[in-house]
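Notes to accompany the following structure.
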């Protein structure tokens, strides 16, 4: 793109004119199938593309066109954005570099930006120095830096427009999630559930960077931004005031975690944003009891529906009251319209960390379906759809088993049956597509003391591959599944050696894509799951696969670069609980397959 | 409240099976702790890196090293000291570095290059109290004497023997 001053002035004028409806630009971009303007593809979080130039019949011809090294070694989550200006916008883990790459010139760097951050933030990240990507609206890029600075860059020049301080790393706060722009606000959440932070979701003005509202994950109703008379829980008003304080032992809510470090989705018609909160403070459940009995620890592991204009809470649903396993509730809330029991419903589907696939009504917050997508799941037998509570199995209750007791063979592991890797949804098949983890754990809580800026974990855990059933790949630690969110059933499943930690993509070309920790990008038939194509990128994939079309040519872009919790937990392989001490691990070690290094690979058909 | 683990109770040098058998034969119990062991085995006072392994079971200090490692180090250095995509194996670190060097790194932290940082544990009383134990655990892992996962403590066996009336 040319950089005439006149163009810049025109752009500035447009920005001023569109101030009141800044998200209109994002909405318009999303509605153009050529673009990939937000990390999850659209506000609804569907990661679906109507593009079909690359399809079931020709995908075997897909070729890497060019690759680009980011120069950063840590785990690369998120993916490239394309908003129609001939460039790809990508980001890196800490130090959170941003690149504008020329799509027409095989990734020539148009500009780059590198924040100046205090490296003392690095040890405060729980699980690698990841970042889940940029947001875009009205010529601006938004980035959450690890040191809790939210920044806006001019997408044309890479110039810093504003920065806002969202938290304090000396208190254990970091930022890893991708912002979402709704109206004239950029919405961000903090990380730090392993450091006893207090989770919050915050809106900043896209033009000025001024804070517009902040809703905490616990504390008084005023700070959570809810009204017990009008905010509902499973369709009924909450009723009781300040549950964000009273469901905790004295003062524990102040370090009660609930960090919203995952994805935010948005329904433009209902004008509501949806997100989930993380684990409640220490992993030792005993320290979160009241008079020695389990307490709900609200509003950790909770789906929030908020008004993006004010932050006020429309409804809440706590997926796991009194967490005993670190089952952060941050998984993306897929907004899908479904037919349920003969009725059209505005649905909200979650392939959840807990191993359960949920379907809710996103208008009323009612729970419709809760079924296991990972059959090994054993911490709870089922969910009571009336109360919304899990029926917890005493055998796998780390609280009932007790402090300093090693509760064994709990499924899924603390990593969850699915972690941050976002799923895809095809409106054509009505199915969700997701990479999942098939790993179980032993978990031993211990008493821990809160020290600001120090880990506040209070449990040790060891992990092992989930048990297999007949027909499963021996020792597999992951799968890619097609999930029917209404029936609550897996339609097909592909086993993978390692946890599938990449974001999925579904397309109108009858294809689903995902990446593996060894570094393969794979394309499968969306109907059958049959593998049609694969390519080995230089490092394991924990990023998301995005697609876009420029000048009539469809591209697929993916960041590879192994890391994250997957890289930390699986590099050395898992122990076989059946083997004696000292036995050689029967299970694959990730370090035998891949090494570090951030690379963007861009694919297309050679003749397109 | 920070749990400060009891300091090592079985203060023996790397003994190998023969040494262990000698110990067992003289009937030294874990409860008897350092003094008698020292006397019985004529070993110098136990130093960092010492450990005892019998049939996959370890002395209390080495066990505490496993626990401390798993609580405070595993999040970066991976399970069982094996390293991860984020930070190197501490088994190798313990093999290559003297205890002084190892403990200095734990206390001071490291900045290998911009963006590759190990934090200082100087303010973490629990970790500081367990550096020797962690070092012993790593030495046991590095020598191949101890496998993956949570080891059991020899004490339990001694206790069991006690119940059987086998101690003198």
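The values are calculated or read from the model by the stated rules, or taken from the named source; none is laboratory data. Only a predicted model underlies this, so the values are computations on that prediction, with no experimental measurement involved. Glycine also receives a Cβ, built like all others from the backbone with ideal geometry; neighbour counts cover every protein chain displayed.
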Anything in the stretch A:259-292 that is part of a loop (DSSP other than H, G, I, E, B) and in contact with a helix residue (DSSP H, G or I) (Cβ under 9 Å, 6 or more places away or on another chain)? List them, or say none. A:268, A:280, A:281, A:282, A:283, A:284, A:289, A:292
Touching a helix residue (DSSP H, G or I) at 6+ places or on another chain (Cβ under 6 Å) and away from chain B (no Cβ under 14 Å) - does that describe any residue in the stretch A:99-112? no
Residue, surrounded by the most Cβ atoms within 10 Å (Cβ to Cβ), within the stretch A:444-474, restricted to residues that are touching a strand residue (DSSP E or B) at 6+ places or on another chain (Cβ under 7 Å) and part of a loop (DSSP other than H, G, I, E, B): A:466
Given (1) surrounded by fewer than 23 Cβ atoms within 10 Å (Cβ to Cβ); (2) within 14 Å of chain B (Cβ to nearest Cβ); (3) not in a loop (DSSP other than H, G, I, E, B), identify the lone condition not met by residue A:122. (1)
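Select, from B:75, B:107, B:94, the only residue that is part of a helix (DSSP H, G or I), more than 8 Å from chain A (Cβ to nearest Cβ), crowded, with 21+ Cβ neighbours inside 10 Å and out of contact with any strand residue (DSSP E or B) (no Cβ under 8 Å at 6 or more places or on another chain). Before you say what the answer is, go through the steps one by one.
Working: B:75 fails: more than 8 Å from chain A (Cβ to nearest Cβ); B:107 fails: crowded, with 21+ Cβ neighbours inside 10 Å.
Checking each option against the conditions leaves just B:94.
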Which of the numbered conditions does residue B:63 fail, given that it passes all the others? Conditions: (1) buried (at least 17 other Cβ atoms within 10 Å of the Cβ); (2) away from chain A (no Cβ under 11 Å); (3) in contact with a helix residue (DSSP H, G or I) (Cβ under 6 Å, 6 or more places away or on another chain). (3)
Can you tell which of A:96, A:58 is in contact (Cβ under 8 Å) with a residue 12 or more places away in the chain and on the phi < 0 side of the Ramachandran plot? A:58
Conditions (1) part of a loop (DSSP other than H, G, I, E, B); (2) surrounded by fewer than 24 Cβ atoms within 10 Å (Cβ to Cβ); (3) more than 14 Å from chain B (Cβ to nearest Cβ) -> residue A:400 fails only (1)
Suppose we filter B:85, B:89 for residues that are within 20 Å of residue B:113 (Cα to Cα) and at the interface with another protein chain (Cβ under 7 Å from one of its Cβ atoms); which single one remains? B:85
When both residues are 6+ apart or on different chains and their Cβ atoms are under 8 Å apart, which pairs have a first residue that lies in the stretch A:584-596 and is within 8 Å of chain B (Cβ to nearest Cβ), and a second that is surrounded by fewer than 19 Cβ atoms within 10 Å (Cβ to Cβ) and at pLDDT below 90? A:585/A:576; A:585/A:579
Among the residues in the stretch A:218-240, are any under 30 Å from residue A:75 (Cβ atoms), crowded, with 22+ Cβ neighbours inside 10 Å and either touching a strand residue (DSSP E or B) at 6+ places or on another chain (Cβ under 7 Å) or more than 14 Å from chain B (Cβ to nearest Cβ) (or both)? yes
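What number of residues in the stretch A:293-316 are over 26 Å from residue A:459 (Cα atoms) and not in a loop (DSSP other than H, G, I, E, B)?
So the answer is 7.
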Write out, first by first residue and then by second, each pair whose Cβ atoms fall under 9 Å of each other, whose residues are 6+ apart or on separate chains, and whose first residue, in the stretch A:289-300, is on the phi > 0 side of the Ramachandran plot while the second is not in a loop (DSSP other than H, G, I, E, B). A:292/A:286; A:297/A:252; A:297/A:253; A:297/A:257; A:297/A:285; A:297/A:288; A:297/A:318
